[in-house]
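One structure is given below, encoded as structure tokens.
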Protein chains: 2
Amino acid sequence: MSDDARPTKIQKVAPYKLHYWPAIPGRGEFIRLAFEYTGTAYVEANDPKTLLATIGDASKTGGAPPAFAPPALELPNGYVLSQTPAILNYLAPRLGLAGWDKATSLDADTKDQIQAAVNGVVLTALDLNNETHDTHHPLAVMKYYEEQKEAAAEKSKDFRASRMPKFFAHFENVLASNPKKDAAGGPFLVSDRTTTADLVVFHLIEGLTFAFPKRVKKLQDSGDYPLLFKLHERVKNEETIKAYQASDRHLPFSQGIFRYYEELDLED
Amino acid sequence: MSDDARPTKIQKVAPYKLHYWPAIPGRGEFIRLAFEYTGTAYVEANDPKTLLATIGDASKTGGAPPAFAPPALELPNGYVLSQTPAILNYLAPRLGLAGWDKATSLDADTKDQIQAAVNGVVLTALDLNNETHDTHHPLAVMKYYEEQKEAAAEKSKDFRASRMPKFFAHFENVLASNPKKDAAGGPFLVSDRTTTADLVVFHLIEGLTFAFPKRVKKLQDSGDYPLLFKLHERVKNEETIKAYQASDRHLPFSQGIFRYYEELDLED
């Protein structure tokens, strides 16, 4: 920032604070991507010893209802929002990720409708995220994978054969129905710009490629989902996303929602 | 309506149209309750032969992305929204269910934050709705319950012992943290009035009482969740809800998300 562009008042506004588990991308990653893509300042609170007690205690959420689970987002005024899609929907218009520009001349109802369409695609993608989690934890979230391996194998078989193609076909349908592309022909899920929907679907393809590499390759090689993989490539090549993925803020997949178990990624 | 209150122009605005399966409450019920509670006009399109082809075809969704699954809500201008929480979040401020009055003097950010808090509680309740579905379909949504009975028994055991108390305790915590009550002492989840959150949690208690009657009674008798059951009673006694439940528009539970299988409601 050049000297004459410096604010004349000292900025005392706190940045957004993301409360989430340490060490895994998890559901927090969907929020991080919104901040990272748009270059929005944020800090994280990741102490596993205090996390749940903080966001679940109404005396610490600034008047907001206590949260059920992380991620939770503390706004600059101290109000704490929770539930990934609710956080993303709140941030979308503020970060330019709701499908329209702040300076748009669209009327309020039309803006709300586009934002609700973005929200709908985000929710469908997060349903796939939840189903991915359930492939290794189909019976009980608090038990180990090793205690539910047989059910996990069966759940994963259905996931590979039915659910992944069904969701992929849906996203391809959404992309094919939207004529708007960027200068290089890169597609958007909703409207003529990157939205939270693109970022969430991008991360899902990243995660599924980690967890089910053989199946994702098979689906990609089928040629049935060209726009979906082009969307993934478009977002991955955005300058801010490249910089983020090259930084130490970017956490690798490990034992979170997306896990690699060779026995769950069979070729059938 | 008295003669002199009649509009001078014939109203040609279509009502909201809910696209959903026939015969079951299902996820459509959360949308219906928002309309019924507020006395908002709506119609339904329930032909199972055309449902998916209509909402999944971008040429029929008024410029909105095609839907993954019902429910979908066709707005008066033809734009089709999908995903239950996205529909509820769009309707909430329009139906007075977002936690504040349309005539409020609250600033836009504060209104958005309260609405996002309502959205967060709705999403947590709908997570419980999804987990309830998975008790009878833990391995594959397209297979019969009878093909996954063993896994369903195990999933349901965890659901009864861990998940139901965890969610109930959360809702109790949310209610206990909100000092606002109605004149009769009835609690609200967010703010000082009925929101979509109250309606969704109300329906969950209705559904869980159908699917797990013994377990719900045990949890109620424990005395650990007095505000949650009081919330259910408050909503059930609202005049518009009573009228709805007495009408033939109100569908009984059967073989949808909430199903009664004696063997899944054990006393352990």
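The values are calculated or read from the model by the stated rules, or taken from the named source; none is laboratory data. Quick caveat: nothing in here was measured; it's all calculated off a predicted structure. Please note: Cβ atoms are built from the backbone with ideal geometry, for glycine as well, and neighbour counts cover all protein chains shown. Just so you know, the surface numbers come from the protein's heavy atoms only, side chains and all, with ligands and any DNA or RNA stripped out. Shrake-Rupley method; radii C 1.70, N 1.55, O 1.52, S 1.80 Å.
Quick rundown of the values:
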read-out	value
Residue in segment B:37-47 that is among the hydroxyl-bearing types (Ser, Thr, Tyr), touching a Ser or Thr at 6+ places or on another chain (Cβ under 8 Å) and within 14 Å of chain A (Cβ to nearest Cβ) present	no
Condition broken by A:Ala152, with the remaining ones in (1) within 9 Å of chain B (Cβ to nearest Cβ); (2) in contact with a His (Cβ under 8 Å, 6 or more places away or on another chain); (3) open to solvent by less than 10 Å² (accessible area, probe 1.4 Å) satisfied	(1)
Breaking point among (1) more than 10 Å from chain A (Cβ to nearest Cβ); (2) open to solvent by 10 Å² or more (accessible area, probe 1.4 Å), for B:Tyr145	(2)
Restricting segment B:181-224 to residues that are closer than 25 Å to B:Arg27 by Cα and assigned to a loop (DSSP other than H, G, I, E, B), the residue that is most open to solvent (accessible area, probe 1.4 Å)	B:Arg193
Residue among A:Ala125, A:Ala98, A:Ala117 that is assigned to a helix (DSSP H, G or I), in contact with a helix residue (DSSP H, G or I) (Cβ under 7 Å, 6 or more places away or on another chain) and of a type in the set (A, V, I, L, M, F, W, C)	A:Ala125
Residues (assigned to a helix (DSSP H, G or I), free of Cβ contacts under 8 Å to residues at least 40 places away in the same chain and either hydroxyl-bearing (Ser, Thr, Tyr) or under 25 Å from B:Lys155 (Cβ atoms) (or both)) located in segment B:239-263	B:Glu262
Filtered residues of segment B:228-267 (kept if over 19 Å from B:Thr194 (Cβ atoms), charged (D, E, K, R) and open to solvent by 90 Å² or more (accessible area, probe 1.4 Å))	B:Asp248, B:Arg249, B:Glu262, B:Glu267
Some residue of segment B:118-133 being in contact with a strand residue (DSSP E or B) (Cβ under 7 Å, 6 or more places away or on another chain) and either under 19 Å from B:Ile31 (Cα atoms) or facing chain A (nearest Cβ under 9 Å) (or both)	yes
Complete set of residues in segment B:30-67 that are open to solvent by 20 Å² or more (accessible area, probe 1.4 Å) and of a type in the set (Lys, Arg)	B:Lys49, B:Lys60
Selection from segment A:164-175 of residues that are more than 8 Å from chain B (Cβ to nearest Cβ) and not acidic (Asp, Glu)	A:Met164, A:Pro165, A:Lys166, A:Phe168, A:Ala169, A:Phe171, A:Leu175
Output for segment B:50-67, where each listed residue is of a type in the set (D, E, K, R) and at the interface with another protein chain (Cβ under 10 Å from one of its Cβ atoms)	B:Asp57
Those residues of segment B:65-95 which are touching a helix residue (DSSP H, G or I) at 6+ places or on another chain (Cβ under 6 Å) and among the small types (Gly, Ala, Ser), in sequence order	B:Ala67, B:Ala72, B:Ser82, B:Ala86, B:Ala92
Check on B:Ser177, out of contact with any strand residue (DSSP E or B) (no Cβ under 8 Å at 6 or more places or on another chain), free of Cβ contacts under 8 Å to residues at least 24 places away in the same chain, hydroxyl-bearing (Ser, Thr, Tyr) and crowded, with 16+ Cβ neighbours inside 10 Å	yes
Hey, B:Arg234 touching an Asp or Glu at 6+ places or on another chain (Cβ under 9 Å) and farther than 29 Å from B:Leu106 by Cβ or not	no
Cβ pairs under 9 Å, 6+ apart, first in segment A:224-238 and touching a residue at least 40 places away in the same chain (Cβ under 8 Å), second assigned to a loop (DSSP other than H, G, I, E, B) and among the acidic types (Asp, Glu)	A:Arg234/A:Asp182
Filter result (away from chain B (no Cβ under 12 Å) and not acidic (Asp, Glu)) within segment A:176-186	A:Lys181, A:Ala183, A:Ala184, A:Gly185, A:Gly186
Residues satisfying the stated conditions in segment B:68-87, i.e. touching a residue at least 40 places away in the same chain (Cβ under 8 Å), buried (at least 24 other Cβ atoms within 10 Å of the Cβ) and within 10 Å of another protein chain (Cβ to nearest Cβ)	B:Ala72, B:Leu73, B:Val80, B:Thr84, B:Pro85, B:Ile87
Pair list, Cβ under 8 Å, 6 or more apart: segment A:132-147 residue β-branched (Val, Ile, Thr), other residue not in a helix (DSSP H, G or I)	A:Thr132/A:Ile257; A:Thr132/A:Phe258
Boolean, B:Ala92 is more than 8 Å from every other protein chain (Cβ to nearest Cβ) and either at pLDDT below 95 or part of a helix (DSSP H, G or I) (or both)	yes
Check on B:Leu228, assigned to a helix (DSSP H, G or I), among the aliphatic types (A, V, I, L, M), out of contact with any His (no Cβ under 9 Å at 6 or more places or on another chain) and within 14 Å of chain A (Cβ to nearest Cβ)	yes
Residues of segment A:95-117 that turn out to be touching a residue at least 12 places away in the same chain (Cβ under 8 Å) and facing another protein chain (nearest Cβ under 8 Å), as a count	1
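Residues checked against (1) in contact with a helix residue (DSSP H, G or I) (Cβ under 6 Å, 6 or more places away or on another chain); (2) under 22 Å from A:Leu126 (Cβ atoms); (3) at pLDDT below 95:
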{"site": "A:Val201", "(1), (2), (3)": "yes, yes, no"}
{"site": "A:Leu208", "(1), (2), (3)": "yes, yes, no"}
{"site": "A:Val216", "(1), (2), (3)": "yes, yes, no"}
{"site": "A:Asp221", "(1), (2), (3)": "no, no, no"}
{"site": "A:Phe229", "(1), (2), (3)": "yes, yes, no"}
{"site": "A:Glu239", "(1), (2), (3)": "no, no, no"}
{"site": "A:Gln245", "(1), (2), (3)": "no, yes, no"}
{"site": "A:Ile257", "(1), (2), (3)": "yes, yes, no"}
{"site": "A:Glu262", "(1), (2), (3)": "no, no, no"}
